[in-house]
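Below is one structure, written out as structure tokens, with a few remarks after it.
The values are calculated or read from the model by the stated rules, or taken from the named source; none is laboratory data. Keep in mind the model is a prediction, meaning the values are calculated, not measured. Here the Cβ positions follow ideal geometry from the backbone for every residue, glycine too, while neighbour counts run over all protein chains shown. Ligands, DNA and RNA are stripped out before the accessible areas are found, and what is left, the full protein with its side chains, is counted by its heavy atoms. Shrake-Rupley method; radii C 1.70, N 1.55, O 1.52, S 1.80 Å.
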Amino acid sequence: MAEKDMQELTNLMQIRAFSQVVAQGSVSRAADELFRTQSAITRAIRDLELTLGVTLFERHAGGMMLTDFGKCVLPRALRAIEELHQVPQRLAKLQGRGAQRSDAEPLWLFNVRRLQIFITLCQTRHMQTVAARLGLSQPAVSAALRVLENGAGIALLERTPHGMMPSLAGREIEANVRRALNELRHIPADIAARSGILEGTVRVGALPLGRTRILPQAIVMLTARYPGVRVVTSESAFGVLASEMRSGDIDFIFGALRRDEDALDVTRETLFSERMVLLARHDHPLLGRELSTEDLRAARWVLPRSATPARYLLNNSFQAMGIPAPDPVVETGDLALVRGLLMQSDMLAAVSAHQLEVELASGALVALPVPLPDTDRAIGLTVRAGCLHSPAADALIRCLRKVCGQDE
């Protein structure tokens, strides 16, 4: 999570009180359920409304009725609480204990700053860095960690020569904590959207097959229409992006879809498909004549990195043509490097055409007349199953569909 976001999250105990008032229909019944006084619950709701700048309930003699803004906040609130309720269950399973009592709330988790300290420790592995980043003293960071570990009944971080490393238990609950904090992060943007103002930050995992033209075009379309929206992209490997998406740290991934049918916690949407092509510089010696398999076998290649889906497809395609899979001179997923290598040498490359379409349109690079069978790749969206996108993320997804010709 960005440092700016970490300073603006809603109070979790107030969210808890809000959710119980909704569930029970009145402050008095919520107070009984939470073993709090009515004045404490009333104060929590009032403070939450002041923080969010909206009225969440209409007060009636028969009880508390949600306003439109309250209905907007409720899904995020319930999701954040559910993520935290899963933490004791995960820890119990890890320790070989039975499931926790359903009515025993993990109140040790219902403190945003405490959770931020845990997540930042997992990231930085250094207490002094966490203290400086969050504006706290080191003893305060240590005290917060003690409260979490006492509540968990197990060490969540371990001191090692490499710093404070998450323990097995810490790694087990980290994604739940991240998702809870990220649900809270979206609440202000949800409220703004209900008022007709689209704002907030979209975080996108950008894979190579999507980020050359399509994603930039969609971002331009989005930000021109909604100037209050900010977009942050991550260009990590797919495995890293998938982990960040599962934690809610990025909203979705755009690019080539993985054929991983076992990943039941993600959904995929194909926006278009494209076959790979062979590219060379405009004055390459192989241009202007019919190419033989010997020409391709003898060529010097720049190819996608080994173990990537694109490389797997290419190897199979070469074998289908009766050519051994090439041993590349360079392996890279960086298009700027591919472009430079092609322009300055006699190397050949295999990429999707739209990735270097500017160079193809200008004539700087040329597609060789050699079809690459079975290299079609589905390009589209990968999202966490059941996630509730922020209004800004939804808007960017709509723009991506439009750019790809998938108008709704």
Exercise. Could you tell me whether the stretch 232-241 includes any residue that is open to solvent by 10 Å² or more (accessible area, probe 1.4 Å), among the β-branched types (Val, Ile, Thr), in contact with a Ser or Thr (Cβ under 7 Å, 6 or more places away or on another chain) and modelled with pLDDT of 95 or more?
Key: yes
Quiz item: From the list GLU158, GLU149, which residue is touching a Ser or Thr at 6+ places or on another chain (Cβ under 7 Å), of a type outside the set (A, V, I, L, M, F, W, C) and free of Cβ contacts under 8 Å to residues at least 60 places away in the same chain?
Solution: GLU158
Exercise. Identify, by number, the condition in (1) over 23 Å from CYS387 (Cβ atoms); (2) open to solvent by less than 60 Å² (accessible area, probe 1.4 Å) that HIS186 doesn't meet.
Key: (1)
Practice problem: Within the stretch 41-82, track down each residue that is hydroxyl-bearing (Ser, Thr, Tyr) and open to solvent by 80 Å² or more (accessible area, probe 1.4 Å). | Solution: THR51
Exercise. Would you confirm whether any residue within the stretch 272-285 is within 26 Å of PRO391 (Cα to Cα) and out of contact with any Phe, Trp or Tyr (no Cβ under 8 Å at 6 or more places or on another chain)?
Key: yes
Quiz item: In the set ILE250, ILE219, which member is open to solvent by less than 70 Å² (accessible area, probe 1.4 Å), under 15 Å from LEU400 (Cβ atoms), of a type outside the set (Lys, Arg) and in a loop (DSSP other than H, G, I, E, B)?
Solution: ILE250
Quiz item: For VAL229, are the conditions met, namely being among the aliphatic types (A, V, I, L, M) and at pLDDT 95 or above?
Solution: yes
Practice problem: Within the stretch 383-399, identify whether any single residue is open to solvent by 30 Å² or more (accessible area, probe 1.4 Å), in a helix (DSSP H, G or I) and hydrophobic (A, V, I, L, M, F, W, C), and answer yes or no. | Solution: no
Quiz item: Inside the stretch 20-40, can you point out the residues that are in a helix (DSSP H, G or I) and buried (at least 18 other Cβ atoms within 10 Å of the Cβ)?
Solution: GLN20, VAL21, VAL22, GLN24, VAL27, ALA30, ALA31, LEU34
Quiz item: Among the numbered criteria (1) within 33 Å of the chain's Cα centre (by Cα); (2) charged (D, E, K, R); (3) under 18 Å from VAL351 (Cβ atoms), which single criterion is violated by ARG246?
Solution: (3)
Quiz item: Is there any pair with a first residue in the stretch 128-143 that is touching a residue at least 12 places away in the same chain (Cβ under 8 Å) and a second that is assigned to a helix (DSSP H, G or I) and among the aromatic types (Phe, Trp, Tyr) whose Cβ atoms are under 8 Å apart and which are 6 or more apart or on different chains, and what are they?
Solution: none
Quiz prompt | Those residues of the stretch 329-376 which are of a type in the set (Gly, Ala, Ser) and more than 29 Å from the chain's Cα centre (by Cα), in sequence order | solution = GLY340, SER345, ALA349, ALA361, SER362, GLY363, ALA364, ALA367
Self-check item: Selection status of GLY210, at pLDDT below 95, part of a helix (DSSP H, G or I) and crowded, with 20+ Cβ neighbours inside 10 Å
Solution: yes
Quiz prompt | Considering residues of the stretch 253-264 that are open to solvent by less than 80 Å² (accessible area, probe 1.4 Å) and in a loop (DSSP other than H, G, I, E, B) only, the residue modelled with the lowest pLDDT | solution = ASP260
